[in-house]
Every structure is written in C-alpha cells, then in structure tokens.
Amino acid sequence: MTLPLASRIALVTGASRGIGYATALALAKAGAHIVAVARTQGGLEELDDAIRAEGGGSATLVPLNITDLDGLSRLGAALHERHGKLDILVGNAGVAGPSSPLGHIELKAWNDTMATNLTANFQLIRCMEPLLQQSNAGRAVFLTSGTASKASAYRGPYAVSKAALETLVRVWANETATTKIRVNLFNPGPIRTHMRAIVMPGEDPETLDTPAQVAEHIVPLCLPSWTETGKFVDYKTGKVMGFHPPS
C-alpha cells in the first residue's frame, strides 16, 4: 500500500524533541523523507534511529540553530540542489522566553525570543517558498499558542512573538492563496513538553496530552488533500477557525 506522503520532502524545525520530534516521526511513518533541523545533534540522531526502527524511513539531519539566518539560506540552496523542491514545512522550533513583568525583561532576552520565534520563521518563509512552489501541493504549518490572543501577563516576549508569528503566517497565506501552497497555524495548547515544564514547573505532566498525540493531528495539514489556508487549527477543540477583526 502506498503511504500518503511517499516521495514527499518534509522539513521540520525543532525536531530533536517534543512536538517537533513527534511530528517528524509521524510524517516519516506516513512516508515522507524528513529534513530534521535542531540544535542538538544527539536528539537528531535519536530521531533518525526512531525513524529507521519504525519501518525504514529516511531522514537528513541538519544540526543548526534556526537563528543562524545565513545557515537557513544555505539549507534552502542545498535542498534545491538535492531535491529541487520542498513539499512540507513545519515551523515548530520556539523558545519560552522570560516569565517576568515587561519592565523587568532585559533587552537581550526580548531580542533572543523574537529571533527564534519570529525572525527565524520569516527567514524560513523567504528561503523555502521557492522550493514549496516547485511542489504540486506545498504545505506549511507553524506552531502557535493561545497566549498570543490572551496576552497573558508575565509572558510578554512569548505572547508578542507568537501574535506576530500569526500575522506573518496569515500574510503569507494571503500572498499564496492563488498558488498550490496551503499555509496554516496550529495551536497545540498545554502539552507534555520540556518547554511546558519550564513555564509551569508545578504542573503534573501526567495530566497533559503527549507530543505524539498532537503530531497525529498535524499530519493531516501536511497532506496534499488538505485545502484550507490561512486558518487557525486548535488541537483541543479540533476546530479549524478563521480570523476576524475585533467587533
């Protein structure tokens, strides 16, 4: 039986652990060749072993900090030379940033959060759009957070960076609406990840869903059959929602 993502190339950032790791593994199970990007070489090697153990899938491991903007540009050039296209882009990598009142946050911590959660994804769009245009059904999914719309107190850098990311992705969705590319946001909500444990250290992780459970809901957004674009997909409710101006 032909797998739904056979012969498709999928780039996943933050692929060495958490939701990125689980999504890369789920996409590989569906037949995609994974281009796994993360800072941690060891985590990438564990992912590669897991992909092979699941049935002989394949991965290209890219140890890279996504704030290395020139590195992302070189990655785009390498993918063009090797594959000539990109079918799936999952922008998952992110940092929690400091949990403090805005007036207490150092400028470097602010800039570092924006660099990872926003600017790196802008560079991904710049470098990967030409490759997605070469696919017969380019699909892009970016991970966001309910904090972006809640404007949660003491979570300023993270909330602002995710709100800006949502606007960035919606702009790109509008710009590519008449092409074969479909671009969407995915909100996993509270999930059993390392980042969640840092932000909520007193929370019982056993009360939360796992990254693997979330990944199964990201895969459909990456299929050629997925037709929605510019939407907000919420894991907890299963809803596919549009955006509206304030009323």
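The values are calculated or read from the model by the stated rules, or taken from the named source; none is laboratory data. These numbers come from a predicted model, not from an experiment. Backbone-built Cβ (ideal geometry, glycine too); neighbour counts: all protein chains shown. Just so you know, the surface numbers come from the protein's heavy atoms only, side chains and all, with ligands and any DNA or RNA stripped out. Shrake-Rupley method; radii C 1.70, N 1.55, O 1.52, S 1.80 Å.
In the assembled protein chains, Lys85 presents an accessible area of approximately 50 Å² (probe radius 1.4 Å).
Taking amide H atoms as placed 1.01 Å from N in the peptide plane, the amide H of Gly230 lies under 5 Å from those of Val183, Asn184, each 5 or more residues away in sequence or on another chain. For Phe122, the solvent-accessible surface with a 1.4 Å probe is about 100 Å², rounded to the nearest 10. With respect to the chain, whose longest principal axis is taken over its alpha-carbon atoms, helix 18-29 is tilted by about 20°. Pairs of Cα atoms nearer than 8 Å and 6+ residues apart set the relative contact order; for the stretch 49-138 it is 40 percent. Three semi-axes describe the equivalent ellipsoid of the chain; taken as square roots of 5 times the Cα gyration tensor eigenvalues and ordered largest first, they are 26, 20, 19 Å.
Expressed per residue, the C-alpha convex hull volume of the stretch 19-145 stands at 114 Å³.
Each Cα pair under 8 Å and six or more residues apart adds its separation to the average, and for the chain the resulting relative contact order is 18 percent.
Using a Gaussian network model of the chain in which every pair of alpha carbons under 10 angstrom is joined by a spring, one finds that among Pro188, Pro157, Pro98 the greatest mean-square fluctuation is at Pro98.
Taking all protein chains as shown and a probe of 1.4 angstrom, Met114 keeps an accessible surface of around 30 Å². Taking one quarter of the surface of the convex hull spanned by the alpha-carbon atoms of the stretch 144-247 gives a direction-averaged projected area of 7.7 nm².
With 0.36 nm allotted per residue and the present C-alpha distance subtracted, the Asp112-Val171 stretch has 18.9 nm of extension available. What do you get for the angle between helix 156-175 and the principal long axis of the chain? Use alpha-carbon atoms, 0 to 90 degrees, nearest ten. Taking Cα atoms only, the helix is inclined about 40 degrees. For the chain, the share of accessible area belonging to carbon and sulfur comes to 53 percent (1.4 Å probe, ligands and nucleic acids excluded).
Surface analysis of the chain yields an accessible area of 48 Å² per residue, using protein heavy atoms and a 1.4 Å probe. Working from Cα pairs under 8 Å separated by at least six residues, relative contact order for the stretch 1-99 is 33 percent. Counting only Cβ charges, +1 for Lys and Arg and -1 for Asp and Glu, the dipole size of the chain around its Cα centre is about 520 debye. Modelled label positions at Phe243 and Asp209, each set 7 Å beyond Cα in the direction of Cβ, lie 2.3 nm from each other. Give Lys150/Lys236; Lys29/Lys231; Lys29/Lys162; Lys180/Lys231 a once-over and call out the pairs whose C-alpha atoms are over 27 Å from each other. Correct reply: Lys29/Lys162.
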